[in-house]
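In what follows, a structure is listed as structure tokens, so that the remarks can point back to it.
Quick note: the coordinates plus some simple rules give every number you see, no bench work behind them. On a predicted model such as this, the values are computed, not experimentally measured, just so you know. Here Cβ is always computed from backbone atoms with ideal geometry, including for glycine, and neighbour counts include all displayed protein chains.
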Amino acid sequence: MLRTIQWLLSKEPLVRALTPLSGGFNPLLPAHHLDPHATWRALREKEPVFYSRLFGAYFVTRYDDVLELLRGTQLSADRSDTAVMRMVRWFNRNEPDFGGFMERNLLMLEGAEHRKLRGLVGKAFTPRRVEALRPHLEAIVEDLLDRVASEGRMELIADLAYPFPVIAISELLGVPTSDRERFRRWTGDLVQFLDPLQGNQGAVPMRRATRELYAYFRPLLAARRSEARDDLISAMIHAETGADEIDDNDLLALCTLLLAAGHETTANLIGNAVAALLAHPEERRRLQDEPALMPRAVDEFLRYDSPIQFTDRAVAEDCEIEGRTLRKGQMVALVLASANRDPRQFDDPDRLDVGRDPNPHLAFSHGAHFCIGTQLAQMEAEIALSALLRRFPDFKGPAGPPEWRASILLRGPAALPLSL
């Protein structure tokens, strides 16, 4: 069924025919992939809490509303009782690994179960452990750039933005260097679970990648239980104490999620950042002249073109937002990308300002589900962008990527060729 839906969505005339059903809001069109901010701006100003019949969900687009709902208890990440998840369970009834991953990953859990798993990661994924990776991550970037230096050109996404975070999360988990290429393939297939509408092979790649990853991680978990090493898997296992001990299936889902989501945001962030610098040469010169601005600049890239456009939740209790009543069980998309360009919160929000301060963007969400890999993603982006600007200060590329990813959730260039 998913493959059929993907095929239908690949036909632009059919997608355009859906526009009346969507009430004029159709993010499936190519124009939206090119400039989603125009779509979000229109909703934010005209109907900030918009119900889409096409998606069967409310889209909330203003900063204050998004922040209130992320902070509060009106919405829940537990979507297990929604129609979509019931359908997912039925279609994957013979796929225990993939079905278990979809239901037991951190993005789907709420309350005590979520706190337990997140707390386990937090004990292991400490700021000190992440910062200790910096010299090694710098060396990885230098190696990736060495490979393209003699060519005088690179394809940013394939040569740097994607391989770097995959290598980084693999090393953090404790995956042997010899298995990196397998992880790149699995990651490329599995990431579709974040936006199942992209791709053209239905659920086959996601299921296959999950089966193979679980088969890979099971003996690795057993080995780390018997003999710890200096890696994240060992740290999570040995952070378990008494009531905090968790089932191996939850650990498998956790490792798989860290791999899939742990690279996607960073890859898109690096791609979006370089695209923004190419389109704003004055801000690029400013950043090159003041490299100490890089941490602020990374926050600005996250705000300006958010790698994850929205996060979805189920309504846990009836509530009212902007005069609209949201009923228990309904789906809500909190549009982080729109909130990050809301003029009620940010001065001149459509302007890139690499020194913007303060910058309370919501690109990593907020509240209980604030992205646990924030520090790693920001550090990876700082390292990659600093090295690129230092080693190839005059790199050139198109003012806009030749193609953006065909996703309504994930925002990033599909490719970005650079002349070094």
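Couple of notes before you dig in:
- The equivalent ellipsoid that matches the C-alpha gyration tensor of the stretch 3-93 spans semi-axes of 24, 23, 10 angstrom, in descending order.
- Relative packing of 289-298, 251-260, which averages over residues the other C-beta atoms within 10 Å, highest first: 251-260, 289-298
- Each of TRP40, TRP90 has some number of other Cβ atoms within 10 Å of its Cβ, and from fewest to most they run TRP90, TRP40.
- Across the options TYR214, ALA17, PRO398, the greatest Cα extent toward the positive end of the charge dipole of the chain (unit charges at beta carbon of Lys, Arg, Asp, Glu) belongs to ALA17.
- Dipole magnitude of the chain about its Cα centre (Cβ charges: Lys, Arg +1; Asp, Glu -1), debye to nearest 20: 940 debye
- Inter-label distance for ALA368 and LEU21, nm, one decimal - labels placed 7 Å from Cα along Cα-to-Cβ: 3.4 nm
- Comparing VAL175, SER234, TRP186 along the charge dipole axis of the chain, the residue lying farthest to the positive side is TRP186, per the Cβ-charge model.
- When the helices of the chain are scored as -39500 (n - 2.57) per DSSP H run of n ≥ 4 and the total is divided over every residue, the value at 222 nm lands at -16000 deg cm²/dmol.
- Of the residues ALA276, PHE310, ALA387, the one whose Cα sits farthest toward the positive end of the charge dipole of the stretch 273-393, with +1 on the Cβ of Lys and Arg and -1 on the Cβ of Asp and Glu, is ALA387.
- Mean Cβ count within 10 Å, highest first, over the residues of peptides 45-56, 391-402: 45-56, 391-402
- Over the stretch 288-399, volume per residue of the alpha carbon convex hull, in Å³: 133 Å³
- The modelled label-to-label distance for the pair PHE91/ARG129, using points 7 Å beyond Cα in the direction of Cβ, is 3.5 nm.
- Using the Cβ-Cβ distance between ALA239 and VAL84 with R0 = 45 Å, the FRET efficiency computed as 1/(1 + (r/R0)^6) comes to roughly 0.85.
- Cα-Cα P(r), the stretch 240-316, percent of pairs per 10 Å interval: 15, 32, 24, 19, 10, 1
- Neighbour-count order for ASP305, ASP350, ASP299, fewest beta carbons within 10 angstrom listed first: ASP350, ASP299, ASP305
- Rg(Cα)/(2.2 N^0.38 Å) for the chain, N = residue count: 0.96
- Cα-based shape type of the stretch 315-354, given that a ≥ b ≥ c are square roots of the gyration tensor eigenvalues and the cut on a/c is 1.5: prolate
- Listed peptides 122-135, 148-161, 204-217 by packing density, highest first (mean Cβ within 10 Å): 204-217, 148-161, 122-135
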